[in-house]
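Asker: Pasting a structure here, questions to come.
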Amino acid sequence: MTALTLRDFVAGYDPDLPIVKDVTLDVPEGQVLTILGPNGAGKSTLIRAVAGMVPIFSGEVRLSGRDVTRAPAHALARAGLGFVPQTENVFTRLSIRENLQIAAELLPRSARAARVAAMLAMFPDLAARPEALAGSLSGGQRQMLAAARALLSEPRVLILDEPSAGLSPKLVAQVFDSLRRIAQGGVTLVLVEQNVRAALALADRAVVLVDGRLAHDAPAAELVGNPLLGQLFLGARAA
Amino acid sequence: MELLAYAAFFLTVAMTYATICLGLNVQWGQTGLFNVGVAAFVGLGAYVSAILTTPEAPGRLGGLGLPIAAGWVGAALAGGVLALLVGALTIRLRSDYLAIATFGVAVALQLVFQNAEPLTGGAFGIGFIPRPFGGLQRQALPFAALNLALTVALVLILYLALERLAQSPWGRALRAVREDETAAESLGKSPLRLRLEAFVLGGMVMALAGAVQAHFIGFIAPANYLPALTFQVWAMLILGGSGNNRGAILGAVVVWAIWAATAALIAHLVPAGEQARASSLQLVAIGVILCAVLLWRPQGLLPERRAVPRHLGRP
Amino acid sequence: MTPQLLVNGLVAGTTIGLGAIGLSLTYSILRFANFTQGDLIAWGAYLTLTVASAIAGLLAGLAPATPLAPFSFGWTLPVALLAGMALTVLLALALDAVLFARLRARGADAIILVMAGFGASMALRAGLEFIYTSAPAYFTHELQIARPLGLGMRATPDQLLVLGLTAVLVLALHLLVTRTATGRAMRAVSENPALAAVYGLDVARVVRVTWIIGAGLACVAGVMSGLLVQIRPTMGFDLLLPLFAATILGGIGSIPGAMVGGLVIGLSEALAVQLLGAEWRAAAAFVVLVAVLILRPSGLFGRGA
């Protein structure tokens, strides 16, 4: 069964200058997919458009076979698509618990309290002071809250935009540990990540986006140590 | 003959509105500053010029009897100072604080016009304001024609000057600030300073327009500077085309024509007791026009020559 | 400040505070300074008056409208108020659907919404003048005698009712925003609407709730002001500067702030009336506004501009 399908997907901010061009992609259920590519290739725009935050100009998106093209972001969340933006991904003026409670509203009323408690139990840093404002959390803790929030509503597909951006190496390891646990739970993961090595270690499959188009699609293991990688990333980073 | 004099009168008033619109266009069209206190700037100019130029009157301060030109210069300076004060207070804050503050200024100045009787004459206002070419007042047509020529010349001079300014590096920097503040900043322009300069310039032009209007009509009263004036001028600029100086002038003439025509219709067709009520419909129409243009033709009749300004949104 | 001044200022301040809460909520959640809030207040008063007159007309033969002692009005007014609130809410929702929602969908800057509201406020106010003329109207013609409260203060039963009702409404609203799921959603949308949608919140629904609360409060404020003073088409527009001053003084988005701001403006107005004369009353709000913009533009309870 395919969890997420993109067909001839074109998206961006200006219809005359689309950023994502004709992307077609099938992500099977339970797969961990990482989207790689140089800066400005349109990786973030692609996943933000899938999540309903950037206009889609043509093509279609299917979630477990259901057409959700141009559905508003909140309807996508209800349909089982979780999205964690790179920045501004928690409500800083709400408490940790309130952040989780909002996400819990996607669940049946009777399940909400238990699910919030379960999520807090999973992240001891957050459970330590659930009434604190999310704005008082450190960068790493915010990423955890953002991930906890997205997981709480039990999405079938979870999309993350650079979950390790701006984190120390130790925290990056922690974040990828939690992602691994999430993946083992059967959630389909789609990941845009600068930290290519960590992303490839986690992913089953990697696609490379260049100038808004899919340039490469292979099992993740195959890309590890591939000279193409150096060309794409080390070059791009040095520039 | 009478019709010609009336046409000249109508166009002269339209030209004073066009002047106000040109001033507002510097603030809004070029810079994106929303001034809700147009009536305050126009009224200030009118009162300052009246106080400077009217002959001495018992029981009233001012009455300096200066030449009309001195009144106009004084009015423009007063408008500039008011704009400087309001701008210095709000331009560094979020964009709608300027709107709220200028709205407050309009309320406050209206109170001063009403209540500072020794200076403003209170509810009765100030009369006997010297009129340009006043010596010809008894010959209706030449008097009207000369006044029209004077206001047309003023609009023309302002139009040419403002067009030049818009094409100058200053004008380009101003539009850059309007479209993208951070990009403009990286060019080494201080957005705050540019905006303040534009706001002051616009305030000066509007106050000058108020003075010109006051001298043409010959008397002023607080009721001339109610919020309805601000609404009218905004409808003129938005309908004409914000950002386009020719649009500002066209909008002033079109809206003033509609206004004058409907007022004449009401005066002829509606019984005296119901006229106030009927004229409130004119104001409903002004409000609806303003909203309708924003919804369906945000660029106005004569769009800015560049692409649709980004701050208007995608139509 | 004499004790009686305090009473007058507080009573005037409650109307301003209620209106300002609505303004502050729409400001923080819809993200623009809504110039129609004043006119919603006036429309609320007139709609309630119309419903009250209709009820009185229907029941003319059946039950004489005797005032509910000790107040100056009969049972028709509270009933009409509920209907008036519903109608004011409908008006606000219609305005949003026809005007503001379309501009939002187009991605127009906040300042374009401010301008659209400014144009709509002109149409709304002039519309009232057309329908009801500019002659003042009244909910009641009963005369009320101010009763002594001690310390040389006097107040009419109507005034005390207004104070009490305001306190109840503000408390209820504060609890709604801080303790309920709806309030949580409102706070979330006010911080970041795009993220709220990602969390699964229906932002359009939160916008509707905000209009419902804002317009409902506007109607109550209009009826209170109409009951204690009089009803005029410009009553809301005249309140607009005090509303903005109170909102900014309190800090945009803060309910207690808007109420405190309203009371401060009410008291300043009472002071201005005593020191300078009634004709300068409206200047008080302007002075407070300028002082806030100079000293603390984020307001008393604000989060930094």
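Asker: Amide H neighbours of A:R213 under 5 Å, at least 5 residues apart or on other chains, H built in the peptide plane: list them.
Answerer: Close amide H contacts, sequence-distant or interchain: A:K21.
Asker: Okay, next question. Could you tell me which helices of chain C pass both thresholds, a Cα extent of 20 Å or more along their own axis and a mean Kyte-Doolittle hydropathy of at least 0.5, with helices taken as whole DSSP H runs?
Answerer: C:3-30, C:37-58, C:76-95, C:110-132, C:157-179, C:203-228, C:235-250, C:255-276
Asker: I'd like the distance between the alpha-carbon centres of segment C:179-214 and segment A:61-116, rounded to an integer number of Å.
Answerer: Centre-to-centre (Cα) distance: 14 Å.
Asker: If you don't mind, another one. Could you give each residue of segment A:93-106 its phi-based ³J(HN,Hα) in whole Hz, using Karplus coefficients 6.51, -1.76, 1.60 with θ = phi - 60°, and x for Gly or Pro?
Answerer: With coefficients 6.51, -1.76 and 1.60, one gets 8, 10, 6, 4, 4, 5, 4, 6, 4, 4, 5, 5, 5, 6 Hz.
Asker: Of the peptides A:29-41, B:270-282, how do they stack up when ordered by the mean number of other Cβ atoms within 10 Å, highest first?
Answerer: Numbers: A:29-41: 20.1, B:270-282: 14.2.
Packing proxy ranking, top to bottom: A:29-41, B:270-282.
Asker: Relative contact order (percent) for segment B:2-223, with alpha-carbon contacts under 8 angstrom and 6 or more residues of separation?
Answerer: Details: 367 pairs, mean separation 89.0, N = 222.
So the answer I get is 40 percent.
Asker: Could you compute Rg(Cα) / (2.2 N^0.38 Å) for segment B:1-132, with N its residue count?
Answerer: Compactness ratio reported: 1.17.
Asker: Just the accessible area for B:W170, please: 1.4 Å probe, Å², rounded to the nearest 10?
Answerer: Roll a 1.4 Å probe over it and B:W170 shows about 60 Å².
Asker: How big, on average over all directions, is the shadow cast by the Cα convex hull of segment B:18-69, in nm²?
Answerer: Working: hull surface 18.1 nm².
Orientation-averaged projected area of the Cα hull: 4.5 nm².
Asker: For segment C:3-295, what are the per-bin percents of Cα-Cα distances with bins 5 Å wide, up to the bin holding the maximum?
Answerer: Bin by bin from 0 Å, the calculated values are 1, 6, 11, 16, 18, 17, 13, 8, 5, 2, 1, 0.
Asker: Right, next: Just to be sure I understand: if you take the accessible area of chain C alone plus chain A alone and subtract the pair, with a 1.4 Å probe, what total do you get in Å², rounded to 100?
Answerer: For C against A, buried area totals roughly 2000 Å².
Asker: Return the average number of partner chain Cβ atoms within 10 angstrom of each residue Cβ along peptide C:29-35.
Answerer: Details: counts 0, 0, 2, 3, 9, 1, 5.
Mean partner-chain Cβ count within 10 Å for C:29-35: 3.
Asker: What ³J(HN,Hα) values, in whole Hz, does the Karplus curve 6.51 cos²θ - 1.76 cosθ + 1.60 give for segment A:183-195 when θ = phi - 60°, with x put for Gly and Pro?
Answerer: 5, 5, x, x, 6, 6, 10, 10, 10, 9, 8, 6, 7
Asker: Using just the helices of chain A, give the 222 nm mean residue ellipticity in deg cm²/dmol: DSSP H runs with n ≥ 4 each add -39,500 (n - 2.57), and the total is spread over all residues, rounded to 500. Don't skip to the end; give the middle numbers.
Answerer: Details: 10 runs with 83 residues, N = 239.
About -9500 deg cm²/dmol.
Asker: Which positions within segment C:269-284 get 40 Å² or more of their accessible surface covered by the other protein chains, compared to the chain by itself, with a 1.4 angstrom probe?
Answerer: C:E279, C:W280
Asker: Per-residue Cβ counts within 10 Å, from other chains only, averaged over B:286-296: what number is that?
Answerer: On the way: counts 4, 11, 6, 3, 7, 14, 3, 2, 11, 7, 1.
Average per residue, whole number: 6.
Asker: Between 0 and 90 degrees, rounded to the nearest ten: what's the tilt of helix B:68-90 against the longest Cα principal axis of chain B?
Answerer: Relative to chain B, helix B:68-90 is tipped by roughly 40 degrees.
Asker: Separate question: Total accessible area buried between chains C and B, 1.4 Å probe, in Å² to the nearest 100? Walk me through the numbers on the way to the answer.
Answerer: On the way: alone 14550 and 15140 Å², together 25510 Å².
Chains C and B together bury roughly 4200 Å² of accessible area.
Asker: Which value, in Å² and to the nearest 10, is the accessible area of B:R297 when all protein chains are kept and the probe is 1.4 Å?
Answerer: 100
Asker: With a 1.4 Å probe and all protein chains in place, put C:R205, B:R172 in order of accessible area, largest first.
Answerer: Values: C:R205 110, B:R172 135 Å².
Correct descending sequence by accessible area is B:R172, C:R205.
Asker: Lysines near A:K21 by alpha-carbon distance under 16 Å, same-chain residues fewer than 8 away left out - which ones?
Answerer: Once the sequence-local lysines are set aside, what remains near A:K21 is A:K43.
Asker: Round to a whole number: what % of the accessible area of segment B:2-223 belongs to carbon and sulfur, probe 1.4 Å?
Answerer: Working: 6300 of 8880 Å².
The nonpolar share, carbon plus sulfur, comes to 71 percent.
Asker: Additional query: Rounding to the nearest 10 and keeping the result within 0 to 90°, find how far the Cα-based axis of helix B:245-269 lies from the longest principal axis of chain B.
Answerer: Taking the Cα atoms of chain B, the angle to B:245-269 is about 40 degrees.
Asker: For the protein assembly as shown, report the translational diffusion coefficient in µm²/s to the nearest whole number, using Stokes-Einstein at 4 °C, 1.567 mPa s, and a Kirkwood Rh over Cα pairs. Write out the running numbers ahead of the final one.
Answerer: Working: Rh = 30.1 Å.
This corresponds to a translational diffusion coefficient of 43 µm²/s.
Asker: Enumerate the amide H contacts of A:L4 below 5 Å, restricted to partners 5 or more residues apart or on another chain; note that Pro and chain-start residues carry no placed amide H.
Answerer: The list, which skips near neighbours in sequence, is A:V27, A:S64.
Asker: Right, next: Going 7 Å from the Cα of C:S53 along its beta-carbon direction, which residues of segment C:221-242 have the amide nitrogen within less than 14 Å of the resulting point?
Answerer: Only C:231-233 pass the distance filter.
Asker: Would you mind checking which residues have amide H under 5 Å from B:G300's amide H? H placed 1.01 Å from N; only 5 or more apart, or other chain.
Answerer: Those qualifying (amide H under 5 Å, at least 5 residues apart or on another chain) number zero.
Asker: Still on this structure, I have one more. Tell me, what HN-Hα J-couplings in whole Hz come from the Karplus equation 6.51 cos²θ - 1.76 cosθ + 1.60 at θ = phi - 60° for each residue of segment C:135-148, using x for Gly and Pro?
Answerer: Karplus values, whole Hz, x for Gly and Pro: 5, x, 10, 9, 6, 8, 10, 5, 8, 10, 9, 5, 9, x.
Asker: Given a 1.4 angstrom probe, I'd like the percentage of the accessible area of segment C:3-295 that is carbon and sulfur, rounded to a whole number. Can you show the working numbers first?
Answerer: Values: 7520 of 10570 Å².
Carbon and sulfur together cover 71 percent of it.
Asker: Now for a separate question. Rolling a 1.4 angstrom probe over the protein heavy atoms, how many square angstrom per residue are accessible across the protein assembly as shown? Display every interim value, and only then the final one.
Answerer: On the way: 34760 Å² over 859 residues.
That works out to 40 Å² for each residue.
Asker: Order A:R109, C:R184 by their accessible area, 1.4 angstrom probe, all chains in place, largest first. Let's see the in-between values first.
Answerer: Details: A:R109 190, C:R184 30 Å².
If we order A:R109, C:R184 from most to least accessible, we get A:R109, C:R184.
Asker: For chain C, what does the relative contact order come out to in percent, with C-alpha contacts under 8 Å and a separation of six or more? Numbers along the way, then the final one.
Answerer: Details: 485 pairs, mean separation 111.6, N = 305.
Reported as a whole number, the value is 37 percent.
Asker: Oh, and also: Roll a 1.4 Å probe over the protein heavy atoms and report the accessible area of C:Y46 in Å², nearest 10.
Answerer: Its heavy atoms expose roughly 0 Å² to the probe.
Asker: By its C-alpha gyration tensor, with a ≥ b ≥ c as the square roots of the eigenvalues, how is segment B:2-223 shaped: rounded for a/c under 1.5, else prolate for a/b larger than b/c, else oblate?
Answerer: Working: a/c = 2.54, a/b = 1.51, b/c = 1.68.
Judged from the Cα gyration tensor, segment B:2-223 comes out oblate (a/c at least 1.5, b/c at or above a/b).
Asker: Working from Cα positions, state the angle (0 to 90°, nearest 10) between the long axis of helix A:139-152 and the longest principal axis of chain A.
Answerer: 90
Asker: When the accessible area of each residue in segment B:234-282 is compared between its chain alone and the complete protein assembly (1.4 Å probe; ligands, DNA and RNA ignored), which residues differ by at least 20 Å², being lower in the assembly?
Answerer: The answer is B:R277, B:S280, B:L281 - residues whose exposure falls by at least 20 Å² when every protein chain is included.
Asker: If you average 1/r over all unlike Cα pairs in segment A:67-195 and invert the result, what Kirkwood radius do you get in angstrom?
Answerer: Numbers: mean 1/r = 0.0674 Å⁻¹.
One decimal place: 14.8 Å for the Kirkwood radius.
Asker: Over all Cα pairs of segment B:200-315, how is the pair count split among 5 Å bins, expressed in % and running from 0 up to the last occupied bin?
Answerer: 2, 10, 16, 20, 20, 15, 9, 5, 2, 0
Asker: I've got another one for you. Of A:K21, A:K170, which has the most accessible area and how do the rest follow, probe 1.4 Å?
Answerer: Details: A:K21 40, A:K170 155 Å².
So the residues, ranked largest to smallest area, are A:K170, A:K21.
Asker: Local charge sum around A:L200 (other residues, Cβ-Cβ under 12 Å, Lys/Arg +1, Asp/Glu -1)?
Answerer: On the way: positive: A:R197, A:R205; negative: A:E193, A:D204, A:E222.
Result for the local shell: -1.
The values are calculated or read from the model by the stated rules, or taken from the named source; none is laboratory data. Quantities reported herein were computed from a predicted structural model and do not represent experimental measurements. Don't worry about glycine lacking a Cβ; one is built from the backbone with ideal geometry, like all the others, and counts go over all protein chains shown. Only protein heavy atoms, including side chains, enter the accessible area calculation; ligands, DNA and RNA are left aside. Shrake-Rupley method; radii C 1.70, N 1.55, O 1.52, S 1.80 Å.
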